[in-house]
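Asker: Dropping a structure here in structure tokens format, bear with me for questions.
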Amino acid sequence: QVQVVESGGGLVQAGGSLRLSCACAASGRTFSRYAAGWFRQAPGKEREFVAAISGTGGSIVYADSVKGRFTISRDNAKNTVYLQMTTLKPDDTADYYCAAGIAIATVPHVYMYWGQGTRVTVSS
């Protein structure tokens, strides 16, 4: 079981930066054995993959739309996953969700544990 709590969302101007945090509380299995992913959902759209990282941090995957602008990382000592977002665009406006699962993946159904989301709004 993993409890997931996102934070760090907010309002930012286009071209700006934000860092999202995902605090995870794992029981029965150490956090480093869980992969983590970030997804986002804009109003009226389906949830889409943003980035994912393996339990050790050795494998990382990005969506093409954020590659070169977003960086996913994790600190297993703090049970936290981060998403550093730079050069933000209005199209990045969405609710951002963190998820944990037993394998790194780009599809939502692989992840068993989800947070409630944090809203990111990018103004033009």
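Asker: Mind checking which lysines have their Cα closer than 21 Å to the Cα of residue 89? Skip sequence neighbours fewer than 8 apart in that chain.
Answerer: 45, 67
Asker: In nm, what is the difference between 0.36 nm times the number of residues separating residue 73 and residue 3 and their Cα-Cα distance?
Answerer: In short, 23.4 nm is gained.
Asker: In nm, what is the difference between 0.36 nm times the number of residues separating residue 23 and residue 102 and their Cα-Cα distance?
Answerer: My answer for the length gained is 26.8 nm.
Asker: Which residue, chosen from 68, 79, 53, occupies the Cα position most advanced towards the positive end of the dipole of the stretch 1-93, where the dipole is computed from +1 (Lys, Arg) and -1 (Asp, Glu) charges on Cβ about the Cα centre?
Answerer: Value computed over the given set: 79.
Asker: Provide the packing ranking of 25-34, 47-56, i.e. peptides ordered by the mean count of other C-beta atoms within 10 Å per residue, highest first.
Answerer: Peptide ranking by packing, descending: 47-56, 25-34.
Asker: For the stretch 17-31, take each phi angle, set θ = phi - 60°, evaluate the Karplus expression 6.51 cos²θ - 1.76 cosθ + 1.60, and give the result in whole Hz per residue in order, putting x for glycine and proline.
Answerer: The phi angles translate into 9, 8, 10, 8, 10, 9, 8, 10, 10, 9, 10, x, 7, 5, 4 Hz.
Asker: Working only with C-alpha atoms, what are the Rg and Dmax values of the chain, expressed in angstrom?
Answerer: So, for the chain, Rg and Dmax equal 13.4, 45 Å respectively.
Asker: Now for a different question. Need the full-extension length gain, residue 64 to residue 119, defined as separation in residues times 0.36 nm minus the C-alpha distance. One decimal, nm.
Answerer: Values: separation 55, 0.36 × 55 = 19.80 nm, distance 2.10 nm.
In short, 17.7 nm is gained.
Asker: Using a probe of 1.4 angstrom, how much of the accessible area of the stretch 35-122 is carbon and sulfur, in percent? Numbers along the way, then the final one.
Answerer: Numbers: 2080 of 4190 Å².
Accessible surface attributable to carbon and sulfur in the stretch 35-122 totals 50 percent.
Asker: Next question. If you count, for each residue, the other Cβ atoms within 10 Å and average over each peptide, how do 61-74, 92-105 line up from highest to lowest?
Answerer: 92-105, 61-74
Asker: Oh, and also: Mind checking the dipole of the chain: about its Cα centre, +1 per Lys or Arg Cβ, -1 per Asp or Glu Cβ, Debye to the nearest 20?
Answerer: Computed charge dipole of the chain: roughly 220 debye.
The values are calculated or read from the model by the stated rules, or taken from the named source; none is laboratory data. Just so we're clear, the structure is a prediction, and the values are computed from it rather than from any experiment. So basically every Cβ, Gly included, is an ideal-geometry build from the backbone, and we count neighbours across all protein chains shown. The accessibility values were calculated without ligands, DNA or RNA, using every heavy atom of the protein model including side chains. Shrake-Rupley method; radii C 1.70, N 1.55, O 1.52, S 1.80 Å.
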